[in-house]
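These notes are about the structure you will find just below.
The values are calculated or read from the model by the stated rules, or taken from the named source; none is laboratory data. Everything numeric in this text was worked out from a predicted model, so none of it was measured. Cβ sites come from the backbone with ideal geometry, for glycine too, and all protein chains shown count toward neighbours.
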Amino acid sequence: MTIYGYGDSNMWGWDPRYGVPDNRLPEEYIWFERLHSVYGFSIINDSEPGRKIPGKRILRLFMDAVSSREWQILFLMAGTNDVLANRYEPMKKIGSRWETALAALTERFPDRKDRIVLSTLPYCGFIGYGQTVEKLRFGYQSTAEKYGVRFFDALDPLPTLYDGIHLSEEGHRILADRVAKYLAGIGREMGIQ
């Protein structure tokens, strides 16, 4: 099964302990890369640090990237930078950006909606566990339901680095295990490997 991953720094494996340009964890630790090396999925890792949810300004670039690749599952995980930029009203901006992206995706790929996964961002200590997390979870889930795409919840606490934002090696391992199990279920359901 080929997984196209569109995401931000936690999917890319950004690590603030390393200096630029070597600020990425070794691939064997990065959760998305582990989907290939440990679980055997084919992956296309289209993620980068600082990325935000594709809103109106970059929608065409996002759609061109997704349309130019052969994928069986599209795994969308972004939002950390959006929350950092909009701490006081995160769901308003996050929700509208995901609405824009999912509307375009489901219009372009109407017969592949069940192959699109909208994932929450991994839980980050800076957002505080509680009401904000529940608002984020509800916002992502209800947006996924509205557009008929799948939903994956990564908001349960995972080990992070000292900054409370980026996943530690252990956090990457745990998330890879969770996502691999989820994707294997989709594969069985759809008869794809």
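For residues in the range 5-55 being more than 29 Å from residue 100 (Cβ to Cβ) and acidic (Asp, Glu), which is surrounded by the fewest Cβ atoms within 10 Å (Cβ to Cβ)?
22
Could you list, in sequence order, all residues of the range 14-57 that are under 13 Å from residue 173 (Cα atoms) and part of a helix (DSSP H, G or I)?
We begin by selecting, within the range 14-57, every residue under 13 Å from residue 173 (Cα atoms); these are 25-39.
Of everything in the range 14-57, those that are under 13 Å from residue 173 (Cα atoms) and part of a helix (DSSP H, G or I) turn out to be 31, 32, 33, 34, 35, 36, 37.
Looking only at the range 19-51, filter to residues that are hydroxyl-bearing (Ser, Thr, Tyr) and over 19 Å from residue 122 (Cβ atoms); which one of those is nearest to the chain's Cα centre (by Cα)?
Step one: filter the range 19-51 for residues hydroxyl-bearing (Ser, Thr, Tyr), giving 29, 37, 39, 42, 47.
From what's left, over 19 Å from residue 122 (Cβ atoms): 37, 42.
Values: 37: 19, 42: 16 Å.
Looking at residues that are hydroxyl-bearing (Ser, Thr, Tyr) and over 19 Å from residue 122 (Cβ atoms), I get 42.
Yes or no: the range 92-99 includes at least one residue that is under 17 Å from the mean Cα position of the chain (by Cα), at pLDDT 85 or above, among the aliphatic types (A, V, I, L, M) and closer than 21 Å to residue 5 by Cβ.
No, because not a single residue in the range 92-99 is under 17 Å from the mean Cα position of the chain (by Cα), at pLDDT 85 or above, among the aliphatic types (A, V, I, L, M) and closer than 21 Å to residue 5 by Cβ.
Please go through (1) in a strand (DSSP E or B); (2) within 18 Å of residue 123 (Cα to Cα) for residue 3 and return the number of the only condition it doesn't satisfy.
Here residue 3 meets the rest and fails (2).
Let me confirm something: among 180, 104, 184, which residue is touching a helix residue (DSSP H, G or I) at 6+ places or on another chain (Cβ under 8 Å), closer than 15 Å to residue 32 by Cα and surrounded by fewer than 19 Cβ atoms within 10 Å (Cβ to Cβ)?
Numbers: 104 fails: closer than 15 Å to residue 32 by Cα; 184 fails: touching a helix residue (DSSP H, G or I) at 6+ places or on another chain (Cβ under 8 Å).
Selected residue: 180, the only one of 180, 104, 184 that is touching a helix residue (DSSP H, G or I) at 6+ places or on another chain (Cβ under 8 Å), closer than 15 Å to residue 32 by Cα and surrounded by fewer than 19 Cβ atoms within 10 Å (Cβ to Cβ).
Could you identify the single residue in 127, 73 that is at pLDDT below 75 and crowded, with 20+ Cβ neighbours inside 10 Å?
Values: 73 fails: at pLDDT below 75.
The match here is 127.
Among the candidates 161, 102, single out the residue that is hydrophobic (A, V, I, L, M, F, W, C) and at pLDDT 85 or above.
102
Tally time: how many residues in the range 138-193 are part of a loop (DSSP other than H, G, I, E, B) and among the hydroxyl-bearing types (Ser, Thr, Tyr)?
Total meeting the criteria: 2.
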